[in-house]
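First up is the structure itself, then whatever we jot down about it.
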Amino acid sequence: MISKNFARCLAKISGDGNLYWGKSTRYVRYSNTCKELLEEFQRDINEEFGETHFTKGMNNSRVPFLQTNKRVIMDKFLANLKDFRSNAVYVPDSIKSANPSIQKEYLRAFYDDEG
């Protein structure tokens, strides 16, 4: 069973996020100019996984981001969706089989990013 918190995070990473798993670097990053959406992402991750350290910054386009490299978080994202590149993103089975209130949270979060 997937939680509302994680459903929103999964949608955000699928939309304006990135999961990178390289040889020496790995991270989950969420970028957005909307302060409220960044705060919601941070709050949802903390509620889902406990207090989590985030790196804050700005990308080359001057868009703020939050990033973590906590392996347990990355593993859970990858257990739900194997590839987060934009041309490979789809609605995961964990969302399709979830109850309507969780599906609603996923769709709202995805459309907040991709509107």
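Just how far, in whole angstrom, is the range 39-115 from the range 1-38 if you go by their alpha carbon centroids? Using only Cα atoms, the two centres lie 3 Å from each other. Each principal axis of the Cα atoms in the range 27-75 has its own extent, and those three values, largest first, are 29, 20, 14 angstrom.
Accessible area of the range 3-92 with a 1.4 Å probe: how many percent of it is carbon plus sulfur?
45 percent
Solvent-accessible area per residue in the chain equals 58 Å², computed with a 1.4 angstrom probe and all protein chains kept. Computed extension length for D93-R62: 7.8 nm, one decimal, from 0.36 nm per residue of separation with the Cα-Cα distance subtracted. At full extension, R26 and D75 could sit 16.5 nm farther apart than now, given 0.36 nm per residue minus the alpha carbon distance. With equal scatterers on the alpha carbons only and no solvent term, can you work out the Debye log10 of I(q)/I(0) for the range 36-102 at 0.22, 0.23 1/Å? For the requested q values the scattering log ratios are -1.23, -1.26.
Computed over Cα pairs, the Kirkwood radius of the chain leads via Stokes-Einstein (0.890 mPa s, 25 °C) to a diffusion coefficient of 174 µm² per second. Taking a straight line from the alpha carbon of K4, these lysines sit under 16 Å away, with near neighbours fewer than eight places off in the same chain left out: K12, K76, K96, K104. Remark: the range 91-106, residue by residue, has Karplus-estimated 3J(HN,Hα) of 6, x, 4, 4, 7, 4, 8, 6, 6, x, 5, 6, 4, 4, 5, 4 Hz, where x stands for each Gly or Pro and the curve is 6.51 cos²θ - 1.76 cosθ + 1.60 at θ = phi - 60°.
Taking a cut-off of 18 Å between Cα atoms, list the aspartates and glutamates near K23, but don't count ones fewer than 8 places away on the same chain. Once the sequence-local aspartates and glutamates are set aside, what remains near K23 is D75, D83.
The values are calculated or read from the model by the stated rules, or taken from the named source; none is laboratory data. Because the structure is predicted, anything quoted here is derived from the model rather than measured. We work out accessible area using only protein heavy atoms, side chains counted, and drop any ligands, DNA or RNA first. Shrake-Rupley method; radii C 1.70, N 1.55, O 1.52, S 1.80 Å.
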